[in-house]
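Here is the structure we will look at.
The values are calculated or read from the model by the stated rules, or taken from the named source; none is laboratory data. Being a predicted model, the structure only gives us computed values, none of them experimental. All Cβ positions, even for glycine, are placed from backbone atoms using ideal geometry, and neighbour counts span all protein chains on display. Quick note on the areas: whole protein, heavy atoms, side chains included, nothing else; ligands and nucleic acids left out. Shrake-Rupley method; radii C 1.70, N 1.55, O 1.52, S 1.80 Å.
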Amino acid sequence: MKGFTDIHTHLLPGVDDGSESMSQSLRLLRMAWENGTRTVVLTPHYRGKYKQNTPAMLKGEFAWLCEMVKTELPDMKLYLGQEIAYENDAPEAMHSGKVLTMNGSRYVLLEFRSKALRSQLITGVSETLRCGFIPIVAHVERYDISRKDPTLV
């Protein structure tokens, strides 16, 4: 299927700082479809107050959204992952299954603090690889260090 793939969205209704309701999620997905997006990965946060959102709960909300989307946008493909804030517990959370990988794969979406040091980004990516996962770094444009040194990217 041709079209765009969006691998980082906060469209799972009511679980983080993205979509607040099912109707809002459906409206945003319809807009994405109209603009050529055919595949969407929903990536709710794993950080701070959102750590209470367990994989089981997220999977339940995702199943509900998929059922609703099936009737309105039957050809749209939805997948579930999570945007993981790289903090002290991130490697353990990945190993123990406290966080979701991208559609159950070895890929994980990592987010760092905007003021993260070069060494922190390199350590986070390296540790993720050592844990057997393949990192995708979210928001690279927001990190002070990548704006100062684009070769880091």
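In this structure, the pairs whose alpha-carbon distance is over 23 Å, taken from LYS59/LYS98; LYS2/LYS77; LYS49/LYS77; LYS2/LYS51; LYS51/LYS148; LYS49/LYS98, are LYS49/LYS77; LYS2/LYS51; LYS51/LYS148. Excluding ligands, DNA and RNA, the accessible surface per residue across segment 79-118 is 50 Å² with a 1.4 Å probe.
Protein heavy-atom accessible surface, 1.4 Å probe, per residue over segment 1-51: 52 Å².
Specify the angular offset, from 0 to 90 degrees and rounded to the nearest 10, of the alpha carbon long axis of helix 22-34 from the longest principal axis of the alpha carbons in the chain. With rounding to tens, the tilt is 90 degrees. Of the accessible area of the chain, computed with a 1.4 Å probe over protein heavy atoms only, carbon and sulfur atoms account for 54 percent. Between helix 55-72 and the chain there is an angle of about 40 degrees, using the helix long axis and the longest principal axis of the Cα atoms. Semi-axis lengths, largest first, of the ellipsoid equivalent to the chain are 28, 18, 14 Å, with √(5λ) applied to each eigenvalue of the Cα gyration tensor.
Fully extending the segment from TYR107 to HIS8, taken as 0.36 nm per residue of separation minus the present Cα-Cα distance, adds 34.4 nm. Over all projection directions, the Cα-based convex hull of segment 1-89 averages an area of 5.7 nm².
Net charge in the neighbourhood of THR43 (other residues with Cβ under 14 Å of its Cβ; Lys, Arg +1, Asp, Glu -1) is -4.
Sparsely packed loop sites in segment 10-110 (the GluC sites (Glu not before Pro) outside DSSP H, G, I, E and B with at most 14 other Cβ atoms within 10 Å) comprise GLU20.
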